[in-house]
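No lab work stands behind these numbers, since they all come straight from the coordinates. For clarity, every value in this text was computed on a predicted model and none was experimentally measured. Counting neighbours? That spans all protein chains shown, and the Cβs are built from the backbone with ideal geometry, glycine included.
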Amino acid sequence: MKIADMNWMQVEDYLRHDDRAVVPLGSTEQHAYLSLSVDSILSERVALEAAEPLNVPVFPVIAYGITPYFRAYPGTVSLKMATYAALVRDVLDCLHDAGFRRILLCNGHGGNLPAQTVGMEWMACCPGAHVRFHNWWNAPKTFAKVQEVDPVASHASWMENFPWTRLPNLKLPDQQKPLIDIEHMRTRDPVGVREYLGDGNFGGRYQKSDEEMLAIWTVAVDETRTLIEEGWG
């Protein structure tokens, strides 16, 4: 359930019998022909669908992340690492103050990995609290399903092209782009990254069938739900 659909009294009542919450982590960055909000759309949606039958509240997605390499693409917004770490820490502090003790950070952007370290440091200062960091798209079962469909998949390729991330009335290239050299990309500044990547797809076809994509999505939702539901210790 969305926190946006609750008032503070309902949250207080919820906390009398449960202390779990989900915070989606996203990004606003280039995704080739797809929405600039792909990472935010997907992390929030997978969190909401996973948490719904459990009646666990999902907070609004943190829609900005760490993505300095894409700053030459208009529309990309990147936070400094210190800013991002402070933001995540402040959110965790406020949830703890309210009474939440089991928090899943459902992440949709690879650049947000520092949030995992923030969570670990935060738990050291908050005995009895638990934070899980979950990269939903490359969690074991979900990534295995992606590989089953097509092992040539990466950022802004078919594996992120869901009905809710693609834009209307755009014709996508009908080809398989070769996988880029990630290490080479990491040696370039934002202008050089754009020159190297072109449209922004890291490699792979631009689109697969909705049937294949929804099969991946079902696995991702189930895998995320299991993390919300089980094994908190």
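A compact table of results
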quantity: Selected from SER154, SER27, SER35 as most flexible by GNM, with the chain as the system and alpha-carbon contacts under 10 Å; calculated: SER154
quantity: Dimensions in Å of segment 3-228 - Rg and Dmax from alpha carbons; calculated: 18.0, 54
quantity: Normalised contact order of segment 3-228, rounded percent, pairs of Cα under 8 Å and 6 or more residues apart; calculated: 25
quantity: 15 Å tail of the calculated P(r), segment 1-61, as % of Cα pairs; calculated: 53
quantity: Cβ-defined net charge surrounding LYS141, 10 Å radius [Lys, Arg +1; Asp, Glu -1]; calculated: -1
quantity: Compactness of segment 98-162 - radius of gyration and Dmax, Cα, Å; calculated: 15.0, 44
quantity: Loop trypsin sites (Lys or Arg not before Pro), segment 1-43 (other Cβ atoms within 10 Å of the site Cβ: 15 or fewer; DSSP); calculated: ARG16
quantity: Kyte-Doolittle at least -0.5, axis length at least 18 Å by Cα - qualifying DSSP helices, the chain; calculated: 38-51, 81-98, 210-229
quantity: Computed [θ] at 222 nm, helices only, for the chain once each DSSP H run of length n ≥ 4 contributes -39500 (n - 2.57); calculated: -12500 deg cm²/dmol
quantity: Over 13 Å [Cα-Cα, segment 155-203], rounded percent; calculated: 62
quantity: Cα-based convex hull, segment 124-233, per residue volume (Å³, whole number); calculated: 162
quantity: Trypsin sites (Lys or Arg not before Pro) restricted to DSSP loop in segment 59-139 with at most 11 other C-beta within 10 Å; calculated: LYS80
